[in-house]
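Presented below is the structure to which this report refers.
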Amino acid sequence: MALIELVNISKQYGAVQVIDNLSLTINSNEFMVFLGPSGCGKSTLLRMIAGLESIDGGEIRIDGKRIDHLPPGERGIAMVFQHYALYPHMSVRDNMAFGLRNIGVDEAEIARRVTEAAKVLVLDKLLDRKPGQLSGGQRQRVAIGRAIVKEPQAFLFDEPLSNLDAALRVRTRVELAQLHNRVKSTMVFVTHDQIEAMTLAHRIVVMNNRRIEQVGTPMEIYARPATRFVAEFVGSPAMNFLPVKLDRDFVRLTDGTTVHTAVPIKELAPASDYTMGVRAEAISIGRSGTGDTDAVVEVIERLGDRTLVYARIADNSLLVAEAKGDSPLAPGAAVALTFDGRRTHLFDAAGRGYHTAEAA
């Protein structure tokens, strides 16, 4: 287990600032996920921890010891990449042992580590196979096993599930969570997939435009997004957004509809350019004329256990609401939408989020 500290880290390529004065603490035995769109800097940050990218400013420490001046092999870290990079002519056993042999580890010790790692990853019956005889998920487990045998202080994963099909990604995601419970090690995982982040992470670091937008547990990120970007990026479907004006203890939509929100409006500057955010599950659907605002259903998306209803309101905004899986609604239906004021959010012109005083 390892406590990893990034202190005022900076990185630039020529005149382009990639990471600017970023600080972050990853706790010992924590499963932390860096989440964000392509180009946000998450993989660069991971590679700087690993030593595959140099830093231009700041410090990287593991358990209080500065390691940013050390080469990758001396940092006590193992990295698993998106591409398996297995040697096709070697068996699973030899692929896992290769790195240890290169640094002169005793053969008996290599055999012990490989055997133990194979049991953890359920590869013990595949040790004599070649990579070409394995499925994609099994190959990824071999790549993880190659990291485990190094007995590192921390594991770094750079989008390791990206090459797997949907069903295999789900299974391998569960296996990674189980692996963390077994090996009790610090793990840092990079992904652009919010489902991977929400299901694996103890805490998520949401990144955008090469900076941190928010750090928090999955439900903190989902229920109390620090910025509009986080609210848009995390959650499926994305949060609904409507321009509003503040008016005493409620907000007013552009069509005049009023919504009583639990966000403490009196504490906000009385600017006119706020946006209300509300997730699909916080909008209930009823008979036309009985809710906050009327709407016409345009699209129905049936997902089995729930139905997503896309409905257009008077100001021409298209909102997504959630109904039961067996909802009888169909396109063209006239409905009423009611907003749960306890689960509404407000965002100012800079994108900063404001939420209810109690935990959402």
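The values are calculated or read from the model by the stated rules, or taken from the named source; none is laboratory data. Keep in mind that this is a model prediction, so the values were computed, not measured. Here the Cβ is made from the backbone with ideal geometry for all residues, glycine too, and neighbour counts use every protein chain on show.
In a residue-by-residue description of region 256-263, the property of being surrounded by fewer than 19 Cβ atoms within 10 Å (Cβ to Cβ), without any contact (Cβ under 8 Å) to a residue 24 or more places away in the chain and more than 22 Å from Pro237 (Cβ to Cβ) applies to at least one position.
Kindly evaluate Asp68 against the criterion of being within 30 Å of Asn208 (Cβ to Cβ) and assigned by TED's automatic domain parsing to the domain that holds Ile148. Yes, satisfied. Does Met198 fit the bill of being without any contact (Cβ under 8 Å) to a residue 60 or more places away in the chain, under 30 Å from Ile148 (Cβ atoms) and either assigned to a helix (DSSP H, G or I) or out of contact with any Pro (no Cβ under 8 Å at 6 or more places or on another chain) (or both)? So Met198 fits the description; yes.
Confirm whether Arg210 is surrounded by 19 or more Cβ atoms within 10 Å (Cβ to Cβ), touching a residue at least 40 places away in the same chain (Cβ under 8 Å) and not aliphatic (A, V, I, L, M). Spelling it out, Arg210 is indeed surrounded by 19 or more Cβ atoms within 10 Å (Cβ to Cβ), touching a residue at least 40 places away in the same chain (Cβ under 8 Å) and not aliphatic (A, V, I, L, M).
What strands (runs of 3 or more DSSP E), lying completely within region 1-80, carry at least 1 residues that are more than 27 Å from Ile221 (Cα to Cα) and among the small types (Gly, Ala, Ser)?
By residue number, 57-62, 77-80.
From the list Ala323, Ala295, the lone residue that is farther than 29 Å from Gln214 by Cα, surrounded by 18 or more Cβ atoms within 10 Å (Cβ to Cβ), under 27 Å from the mean Cα position of the chain (by Cα) and among the hydrophobic types (A, V, I, L, M, F, W, C) is Ala323. Remark: pairs (first residue in region 267-278, within 18 Å of Ala226 (Cβ to Cβ) and at pLDDT 85 or above; second residue part of a loop (DSSP other than H, G, I, E, B) and of a type in the set (A, V, I, L, M, F, W, C); Cβ separation under 7 Å; 6+ apart in sequence or on different chains) = Gly277/Met239; Val278/Met239. Within region 151-177, being surrounded by fewer than 19 Cβ atoms within 10 Å (Cβ to Cβ) and assigned to a loop (DSSP other than H, G, I, E, B) holds for Glu151, Pro152, Ser162, Asn163, Leu164, Asp165. The single residue among Val142, Val114, Val188 that is surrounded by 21 or more Cβ atoms within 10 Å (Cβ to Cβ), modelled with pLDDT of 85 or more, of a type in the set (Val, Ile, Thr) and not in a helix (DSSP H, G or I) turns out to be Val188.
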